[in-house]
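Colleague: Provided herewith is a single structure, encoded as structure tokens, for subsequent inquiry.
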Amino acid sequence: MQKNIFRIAALFLMGTLTAQAQELYMPRNIKTAYDNGTRSLDGKPGKNYWQNKGKYDMTITVTPNDKLVKGTETITYTNNSPDTLKKVTIRFVNNIHKPEAPRAGYVNKEFLTSGLDISLFTVDGQSYNVDTRDWGTTGDIKLNNALAPGKSASFKINWSYPLSKLSGREGQIDSTTFFVAYAFPRISVYDDYNGWDKIPHMDRVEFYNDFNDYLLTVKAPKNYVVWATGDLKNPDEVLQPKFAEKLKKSYTSDEVVSIANAQEMANGEVTRQNEWNSWKFSADHITDITFAMSNHYLWDAGSVIVDNKTKRRTSVQSAYDSKAEDFSHAAAWTRLALDWFSNNWPGVPYPFSKMTAVQGFADMEFPMMVNDSSTPDMEFSQFVLNHEIAHTYFPFYMGTNETRYAHMDEGWATTLEYLIGQHQLGKEKADQNYKKFRVERWIKDPSTEEDQPIITLSTQVSGAGYGNNAYVKPSLAYLALKDMFGNELFKKYLHTYMDRWNGKHPIPWDFFNTINDASKQDLNWFWNNWFFSNNYIDLAIDKVTIKGLTYSVSIKNTGGFAIPFDIKVTYTDGTSQVIHETPQVWKFNQKAINIQFTAKKTVSSLVLDGGIYMDAKPGDNSWNK
């Protein structure tokens, strides 16, 4: 009787702990969004979901002599929220170059500029006196007439700013080559859980933008070619007939061809010989638009079918200096990446009409463009290109908030970079690269900042903590899910999430809830384990019990993460076998488990092997008879 009482008490306690484990921490503002019905606990956008939108019509001029960017824009901004907006927050990322701007790290004087100057600012025809001298990367404008729900307002802005001499995500690549990004004042995101996004850009955490429609005209001097997000609408007006024809033919070509070589650029044969040419681009429902320009970069182009059902093609282009040997392969590598991502992982057809790889210094992604550094290591150059192109899906197909939750894009790009690496290099080399570039620096460093919960706001963690929480740990978590579900089901659930939130603004809880809903499982134990804990990776063989050929292996999970792992069994005759355990084995007890198996013959040794899940103390992962 007493034994039964203890058993009932134990079951009650276990049930209580299990029930507690099913709850995920949710900040108060996130709870309010769910309470308001803008988001749903089944993971779908709520019945009251909304997001605001802008339509941007911009003309931007870059004068190579003084490296000044000048622009005019009209923004038709629609307030789809239920709130009356009494002000707008304007975001201008390039003010990071102002000497007064807060930054995550040291910069030298070539990084610094005077920042944004606005010479005209009107709303629905009313002029505003806007002084940007005290602006950081955001500034507030109090509206004379509040913008009511469902209404639109027309903003007209004229502005200028100097290009930074030090090129990073944007700036001067060389004296006549520029990557012009974050080049226009934009209306910051107003959303359902934070209101106006006022977090300053400090040159580490990345970006959060609305899905807008863009018309962009870039005015560039003759002999300067412009590459940009969006479709080039007027090739015949800016290119000489021979080159316009080559470009148009490349849109349906499986072969990568040279549009313009170094000699043709040097001879001034490529562009129309007007003093200034106006290059016109358009892109709809996209989170950003950017461009590059040069008077000497080579230009390659081809195309690839990204949707086998519709036979839709995407243009692949590259722009680079003649000395960059790796970039002569960039367009071909882009073709391979778009084909593989579209048909394998994530297995969603590349959603845009173009992808251009520009040689710069940033290793940075933009919608339809990447700005990558050149290296003498071909494998590494392709590795970086794969990673940046993978960002197409996260955060550009899925409009995630990189500023607060970097794991929602960097974690996925790291995962996709690893999976395409298996295809291109083989699993052994891909594993080696993943461990070397992603896992080692974290798992071998026991300092406190390395093991903060992934869900921690990206703005609130240190450099080391940011890298782990953005790239390494979330990627391992996604791959653990893939191992636990298997490829087919994992892809099905991932597609459910992507279908629901394509073109919208998901937050981590939307992902957690969607996978729970799609899989018909309560996976909160997994989310708590991986995203809300201070866990790390450290397994140990505690004890091995042998009864005949039945082996019971007691395993401690000192680090705490629910990882997949292998038990490598070596027999006394030298033969071996591998027993694989998925993360599911940790569902009911994440601190210790017992694995029992029937051996084929006498065992001489056992080794726990996590593969890419590198162990902090591998010395206690083995047992010898």
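The values are calculated or read from the model by the stated rules, or taken from the named source; none is laboratory data. Predicted model only: the values in this text are computed from it and were never measured. Heads up, the Cβs are rebuilt from the backbone with ideal geometry, glycines too, and the neighbour counts pull from every protein chain shown. Side chains included, ligands, DNA and RNA excluded: accessible areas come from the protein's heavy atoms. Shrake-Rupley method; radii C 1.70, N 1.55, O 1.52, S 1.80 Å.
Colleague: Just to confirm the filter: which GluC sites (Glu not before Pro) across segment 207-261 are DSSP coil and have at most 14 other Cβ within 10 angstrom of their Cβ?
Modeller: Of the GluC sites (Glu not before Pro), the ones in loops of segment 207-261 whose Cβ has at most 14 other Cβ atoms within 10 Å are Glu255.
Colleague: Could you check how much of the accessible area of segment 486-625 is carbon and sulfur, as a whole percent, using a 1.4 Å probe?
Modeller: Whole-percent figure for carbon plus sulfur exposure: 48.
Colleague: If one puts a single equal scatterer on every Cα of segment 157-257 and applies the Debye formula without solvent, what log₁₀ I(q)/I(0) results at q = 0.21 Å⁻¹?
Modeller: Ignoring solvent entirely, the Cα scatterers give -1.29.
Colleague: So, for segment 208-295, what is the accessible surface per residue at a probe of 1.4 Å, expressed in square angstrom?
Modeller: Working: 3480 Å² over 88 residues.
Ligands and nucleic acids excluded, the result is 40 Å² per residue.
Colleague: Sticking with this one: To check you understand DSSP bridge types, tell me what percent of the beta bridges within segment 496-625 (both residues inside) are antiparallel, rounded to 5.
Modeller: 95
Colleague: For the charge dipole of the chain, defined by +1 on Lys and Arg C-beta atoms and -1 on Asp and Glu C-beta atoms about the Cα centroid, which residue among Val107, Gly150, Pro564 has the Cα displaced farthest towards the positive pole?
Modeller: Towards the positive end, the residue furthest out is Pro564.
Colleague: Can I ask one more? Any number yet on Rg/Rh for the chain, C-alpha, Kirkwood?
Modeller: 1.02
Colleague: So which GluC sites (Glu not before Pro) in segment 52-136 end up in coil per DSSP with only 13 or fewer other C-beta atoms within 10 Å? Numbers along the way, then the final one.
Modeller: Numbers: sites: Glu73, Glu100, Glu110; in loops: Glu100.
Qualifying residues, ordered by number: Glu100.
Colleague: I need to check one value: relative contact order of the chain, counting alpha carbon pairs closer than 8 Å and at least 6 residues apart, in percent.
Modeller: Details: 1349 pairs, mean separation 67.6, N = 625.
With pairs under 8 Å counted, the relative contact order is 11 percent.
Colleague: If you don't mind, another one. Could you work out the helix-only [θ] at 222 nm for the chain, with each DSSP H run of four or more residues adding -39,500 (n - 2.57) and the total divided by the number of residues, to the nearest 500 deg cm²/dmol?
Modeller: Using -39500 (n - 2.57) per qualifying helix, the result is -7500 deg cm²/dmol.
Colleague: Put one equal scatterer on each alpha carbon of segment 285-395, apply the Debye formula with no solvent term, and list log10 I(q)/I(0) at q = 0.21 1/Å to two decimals.
Modeller: After summing over all Cα pairs, the log10 values are -1.13.
Colleague: With charges only on Cβ, +1 for K and R and -1 for D and E, what is the dipole size of the chain about its Cα centre, in debye, rounded to 20?
Modeller: Values: 67 positive and 71 negative charges, 294 e Å.
In debye, rounded to 20, the chain gives about 1420.
Colleague: Go through 172-178, 297-303, 588-594 and give me the packing order, highest mean Cβ count within 10 Å leading. Spell out each step's value before the answer.
Modeller: Working: 172-178: 18.7, 297-303: 24.3, 588-594: 13.9.
Going by the mean number of other Cβ atoms within 10 Å, highest first, we get 297-303, 172-178, 588-594.
Colleague: Could you bin all the Cα-Cα distances of segment 250-343 into 5 Å bins starting at 0 and give me the percent of pairs in each, rounded to whole numbers?
Modeller: Calculated P(r), rounded to whole percents: 2, 12, 18, 20, 22, 15, 8, 3, 1.
Colleague: Sticking with this structure for a sec: Name the aspartates and glutamates eligible as straight-distance cross-link partners of Lys98: C-alpha to C-alpha under 14 Å, and not fewer than 8 places from it in the same chain.
Modeller: Glu110, Asp117, Asp134, Asp203
Colleague: Assign unit charges at the C-beta atoms only (+1 for Lys and Arg, -1 for Asp and Glu), then state the dipole size of segment 293-401 relative to its Cα centre in Debye, rounded to the nearest 20.
Modeller: With only Lys, Arg, Asp and Glu charged at Cβ, the dipole is about 640 debye.
Colleague: For Phe281, what is the net charge nearby, where nearby means another residue's Cβ is under 10 Å from its Cβ and Lys, Arg count +1, Asp, Glu -1?
Modeller: Neighbourhood net charge equals +2.
Colleague: Additional query: Under a cut-off of 16 Å between alpha-carbon atoms, report the lysines in cross-link reach of Lys556, not counting same-chain residues fewer than 8 places apart.
Modeller: Lys543, Lys587, Lys591, Lys617
Colleague: Excluding ligands, DNA and RNA, what is the solvent-accessible area per residue of segment 376-460 at a probe of 1.4 Å, expressed in Å²? Walk me through the numbers on the way to the answer.
Modeller: Numbers: 3070 Å² over 85 residues.
With the other protein chains kept in place, segment 376-460 gives 36 Å² per residue.
Colleague: Let me ask you something else. What fraction, in whole percent, of alpha-carbon pairs in segment 485-613 exceed 25 Å separation?
Modeller: Tail of the P(r) past 25 Å holds 40 percent of the pairs.
Colleague: Under 30 Å between alpha carbons, and skipping anything fewer than 8 positions from Lys151 in its own chain: which lysines qualify?
Modeller: Cross-link targets: Lys31, Lys44, Lys47, Lys53, Lys55, Lys70, Lys86, Lys87, Lys142, Lys198, Lys280, Lys504.
Colleague: Of Trp299, Ser318, Ala337, which is farthest towards the positive pole of segment 275-340's charge dipole, taken about the Cα centre with +1 and -1 on the beta-carbons of Lys, Arg and Asp, Glu respectively?
Modeller: Ala337
Colleague: Over segment 252-332, with every protein chain in place, what whole percent of the accessible area is carbon and sulfur at 1.4 Å, could you tell me? Could you put the intermediate results ahead of the total?
Modeller: Details: 1540 of 3380 Å².
It is 46 percent, rounded to a whole number.
Colleague: May I ask you to evaluate 6.51 cos²θ - 1.76 cosθ + 1.60, the Karplus curve with θ = phi - 60°, for each residue of segment 200-208 and list the ³J(HN,Hα) values in order in whole Hz, giving x for glycine and proline?
Modeller: Values per residue, Gly and Pro as x: x, 7, 10, 6, 10, 4, 9, 10, 8 Hz.
Colleague: What are the trypsin sites (Lys or Arg not before Pro) within segment 47-81 that DSSP puts in a loop, where the Cβ has at most 13 other Cβ atoms within 10 Å?
Modeller: When the trypsin sites (Lys or Arg not before Pro) of segment 47-81 are filtered for loop state and at most 13 Cβ neighbours within 10 Å, Lys47 remain.
Colleague: Based on Cβ point charges of +1 for Lys and Arg and -1 for Asp and Glu, what charge dipole magnitude is obtained for segment 386-508 about its Cα centre, in debye rounded to the nearest 20?
Modeller: The calculated dipole for segment 386-508 is roughly 240 debye.
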